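To start, the structure under review is shown below, and the notes come after it.
The values are calculated or read from the model by the stated rules, or taken from the named source; none is laboratory data. Bear in mind the structure is a predicted one, so any value in this text is a computation, not a measurement. A quick note on method: Cβ atoms are made from the backbone with ideal geometry, for glycine too, and the neighbour counts reach across all protein chains shown.
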Amino acid sequence: MIALLFLGILAAWLCWRLVFARYWRADLKVKTEFTDPWVYEGETSCLREEITNDKILPVPALEVRLAMSRNLEFSSDARDNTSVTDQSYKRDIFSLLTRQRIVRRLPFVCRRRGYYEIRKAGIVATDLLSGRTYLDEEAQNTSMYVYPAQVDTRRIVPVCRAVSGMVLTQNRMYPDPFEFSGIRDYQRTDPMKHINWKASASAGRLMVNQHDSTTSAEVTVFLDVEDTAILKYELLVEESIRIAASLCARLAKAKMETELISNGRDGASGELLSYRLPAGAARVQALNQKLACLTTGEKDTTPISELFRREKTSAGSGRTCVVISKNRTPSLEAELETAVREGIGVLWVCPVRPGEKAEQPDTARGLNVFFWEAGNGK
């Protein structure tokens, strides 16, 4: 009797082992996705895990293995079973009964700008009765952008005002006949063609149409990400990118045509980044994507002084340029001073380390310099 019981248990064990080995992967789905298509640097997002076992056979021990960039730092309880080396490796354990779905949300902090994706998930199932493990992979298709952090509005306003002042100096303002803004009383200096006769008859006095003023303003922002010295200042390079992103967005919303030129490379094409941002906020997202993928730290980076000299001549005088560069080199200073003498409006935004005292250039040379302390007030 005992022998028969033993044989029955052995047969059941062998049957379970064969069935589990053959069917554990059937109708077992693993899906991971970032809950946000984009966030700003320093913000928190979530990774959503969905594990579905849509069959009668349970999977009592299932391990899901994920590899993400170490720049996405799991927070709170999501840190459990996580190891960080070249990447952040996450292992989660699930126990799935018959036709069960489990959803988990894993919060993480975006520590650095970039484009991040997950292309596969490792799956390890363990047969608890036999102790055998079964490995497989499932393709994933999820990605997200981490845009450069937005700088404090109170800090970017003085820069924007300086740019606006140079634009008004460099560009002659005139009324735009297509931009009607209202009706006002007639003044002796108003042209007769601006009189609104219908409104004048209603008011009993002469009234004129009022139009918004426009300019042919175009601002070119030069972004320097060169960092080839022995001492690296990655903080200042990243702060330069943040300033460029916030400034371009602000200028576009102020209805100024803006062009961004950088000696960093476009992550998609591998070419030096050059992007024209039309007036208005419609294309700011596309610019942020470009800056999220901007590559820095290359040894063969074109010096910003050479790039500025090459690009400034394309539009001639009357152009307004903003140079964002931490590299206070004699060649760059000489190029900017030459541009000022040629009638080009130039503002140099120079990021400096926290607490660093920077010496202003001689104001007699006409070069406007705005020192920006990195990490202050963010």
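Which is touching a Ser or Thr at 6+ places or on another chain (Cβ under 8 Å) and among the hydroxyl-bearing types (Ser, Thr, Tyr), of SER76, SER83, SER88? Full working, then the answer.
Numbers: SER76 fails: touching a Ser or Thr at 6+ places or on another chain (Cβ under 8 Å); SER83 fails: touching a Ser or Thr at 6+ places or on another chain (Cβ under 8 Å).
The match here is SER88.
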Please verify whether the stretch 79-95 includes one or more residues that are buried (at least 19 other Cβ atoms within 10 Å of the Cβ) and under 29 Å from the mean Cα position of the chain (by Cα). yes
Going through the stretch 4-34 in order, the residues found to be of a type in the set (A, V, I, L, M, F, W, C) and at pLDDT 85 or above are LEU18, VAL19, PHE20, ALA21, TRP24, ALA26, LEU28, VAL30, PHE34
Of everything in the stretch 253-272 that's touching a Lys or Arg at 6+ places or on another chain (Cβ under 7 Å) and in a loop (DSSP other than H, G, I, E, B), which residue is surrounded by the most Cβ atoms within 10 Å (Cβ to Cβ)? ASP266
Restricted to the stretch 99-122 and to residues being surrounded by 14 or more Cβ atoms within 10 Å (Cβ to Cβ) and among the hydrophobic types (A, V, I, L, M, F, W, C), the residue farthest from PRO37 (Cα to Cα) is ILE102
Quick one: what pairs do we get from the stretch 3-20, first residue closer than 13 Å to LEU128 by Cα, second of a type in the set (Ser, Thr, Tyr), C-beta under 9 Å, 6+ apart or different chains? TRP13/SER130; TRP16/SER130; ARG17/SER130; PHE20/SER130; PHE20/TYR134
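May I ask you to say which residue of VAL59, VAL124, VAL64, VAL84 is in contact with a Gly (Cβ under 8 Å, 6 or more places away or on another chain) and β-branched (Val, Ile, Thr)? Explain how you work it out, then say what you get.
On the way: VAL59 fails: in contact with a Gly (Cβ under 8 Å, 6 or more places away or on another chain); VAL124 fails: in contact with a Gly (Cβ under 8 Å, 6 or more places away or on another chain); VAL84 fails: in contact with a Gly (Cβ under 8 Å, 6 or more places away or on another chain).
Among VAL59, VAL124, VAL64, VAL84, only VAL64 is in contact with a Gly (Cβ under 8 Å, 6 or more places away or on another chain) and β-branched (Val, Ile, Thr).
Restricting the search to the stretch 91-116, which residues are under 16 Å from VAL30 (Cα atoms) and among the aromatic types (Phe, Trp, Tyr)?
Let us first name the residues in the stretch 91-116 that are under 16 Å from VAL30 (Cα atoms), namely 91-106.
Within the stretch 91-116, PHE94 is the sole residue that qualifies.
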